Amino acid sequence: MSQTLSGVGSERVAGFYEVRLRGHLGPRWANWLEVSSLSHECDGTTALRVTLVDQAALHGLLHKIRDLGLPLISVVPADRVDTTHASHPSILTSQETHSRKQNPI
């Protein structure tokens, strides 16, 4: 679900996204990326779930991902994401990842 925010000269859209990366990203990166949750999928990918205020914030997140050097697989708006992962044991919220101390990748 997304909502339109008023902006000067352009439309800004707030929304929830799932960003999928190739490889397993260490949980400590969730805080730096400012994502709601980070999960390791059995297909060897990492799924990041995040609420962003506008497209500029999405581009900022994508720049951070680029800087990590991990291949981007997909960016999917919430209305197209299967949210049944809520009980998936490998999903970590940003609060959980902050409390864990593990090495990245």
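The values are calculated or read from the model by the stated rules, or taken from the named source; none is laboratory data. All figures in this text were calculated on a predicted structure; none of them were measured in a lab. We place every Cβ from the backbone using ideal geometry, glycine too, and count neighbours over all the protein chains shown.
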* Structure fact -> Picked from segment 1-25 (must be modelled with pLDDT of 90 or more and assigned to a loop (DSSP other than H, G, I, E, B)), the residue surrounded by the fewest Cβ atoms within 10 Å (Cβ to Cβ) is GLY23
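Output the residues belonging to segment 56-86 that are over 14 Å from GLU18 (Cβ atoms), assigned to a helix (DSSP H, G or I) and either modelled with pLDDT of 90 or more or of a type in the set (Ser, Thr, Tyr) (or both). Walk me through it before giving the result.
Filtering segment 56-86 for residues over 14 Å from GLU18 (Cβ atoms) gives 56-57, 59-60, 63-64, 66-71.
Pick out the ones that are also assigned to a helix (DSSP H, G or I) and you get 56-57, 59-60, 63-64, 66-68.
Passing the criteria: ALA56, ALA57, HIS59, GLY60, HIS63, LYS64, ARG66, ASP67.
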* To do: Starting from residues that are charged (D, E, K, R) and under 12 Å from the mean Cα position of the chain (by Cα), keep the ones in segment 14-65 and report whichever is farthest from ALA78 (Cα to Cα).
  => LYS64
